[in-house]
Amino acid sequence: MSKYQDIKDKACKINQPGIFYAFSDKQFIEGLVKEGYIKEGQTYEDFEKTGITLYHDGHGGYGTREALDARFKKYREIDKEIKENCTPEEIFQYEYHNHECGYTGDYSEALEITNEYFPDFKPTRKLLNTLYVQYESANF
């Protein structure tokens, strides 16, 4: 496992109190109960009476502004750790395989993610050839 993957995996383990994920009305009510916004048996109408405002993060997550801000702060700390401890080649290689670039022949997603950390990075022909050989040897 690479340093990049180890650090990136920390983001998946963030469990920020006050945030829950819901993709249906039932899951939304369950999340409100789980996070203590309402009690078991109460309804959305009961939640509205609390005066608490929840925000959506765009990925199925709901939480207070403070809880979402705290989670995003942790994400920024992880991003900083990646920038300080990983090379652009390591990130590109991981994302190349993660996004099946060898299969599609298009490495733009891997490059886009790498450029979020290292804006000037461009993969060398040597790196691309190495990744191509790795893909070919694993699949044929």
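Any read-out appearing in this document is the output of simple, stated calculations on the displayed coordinates, not a laboratory observation. Note that the coordinates shown come from a computational prediction; the quantities given were computed from them, not determined experimentally. Here Cβ is always computed from backbone atoms with ideal geometry, including for glycine, and neighbour counts include all displayed protein chains.
Pairs Lys13/Lys74; Lys26/Lys73; Lys8/Lys80: which exceed 20 Å Cα-Cα? Let's see the in-between values first.
Numbers: Lys13/Lys74 11 Å; Lys26/Lys73 29 Å; Lys8/Lys80 11 Å.
Pairs exceeding 20 Å: Lys26/Lys73.
Report, to one decimal in Å, the Kirkwood hydrodynamic radius for segment 82-140 based on all distinct Cα pairs. Before the final figure, lay out the partial values.
Details: mean 1/r = 0.0868 Å⁻¹.
11.5 Å is the Kirkwood radius here.
Against the main long axis of the alpha-carbon atoms of the chain, helix 3-12 sits at an angle near 20°.
When the Cα positions of Gln42, Phe28, Asn15 are compared along the charge dipole of segment 6-49, Asn15 comes out farthest toward the positive end, with charges on each C-beta of Lys, Arg, Asp and Glu.
Test of the criteria: in segment 97-140, which GluC sites (Glu not before Pro) are in a DSSP loop and have at most 15 other Cβ atoms within 10 angstrom of their Cβ? Walk me through the intermediate numbers first.
Numbers: sites: Glu100, Glu109, Glu112, Glu116, Glu136; in loops: Glu100.
Of the GluC sites (Glu not before Pro), the ones in loops of segment 97-140 whose Cβ has at most 15 other Cβ atoms within 10 Å are Glu100.
Per-residue ellipticity at 222 nm, computed for the chain from helices alone with -39500 (n - 2.57) per DSSP H run of at least four residues, works out to -18500 deg cm²/dmol.
In the chain, Cα pairs under 8 Å separated by at least six residues give a relative contact order of 23 percent. Label point of Tyr21 set 7 angstrom out along Cα-Cβ; within segment 38-72, amide nitrogens under 14 Å from it belong to 57-63. The trypsin sites (Lys or Arg not before Pro) found in segment 1-99 that occupy coil by DSSP, while having at most 16 further C-beta atoms within 10 Å, are Lys13, Lys39, Lys49. For the pair Val133 and Glu100 in one chain, pulling the backbone fully straight at 0.36 nm per residue adds 10.5 nm over the alpha carbon distance.
Quick one: net charge of Tyr103's neighbours, Cβ under 13 Å, K/R +1, D/E -1? Intermediate results must be reported in sequence, preceding the final value.
Values: positive: none; negative: Glu100, Asp106, Glu109, Glu136.
Taking every Cβ under 13 Å from that of Tyr103, the sum is -4.
Loop-resident chymotrypsin sites (Phe, Trp or Tyr not before Pro) (DSSP state other than H, G, I, E or B) in segment 14-97 with no more than 13 further Cβ atoms inside 10 Å of their Cβ: Phe23. The spacing between segment 44-82 and segment 106-131, judged by their C-alpha centroids, is 32 Å. Take the convex hull of the alpha carbons in the chain; its mean projected area over all directions comes to 10.9 nm².
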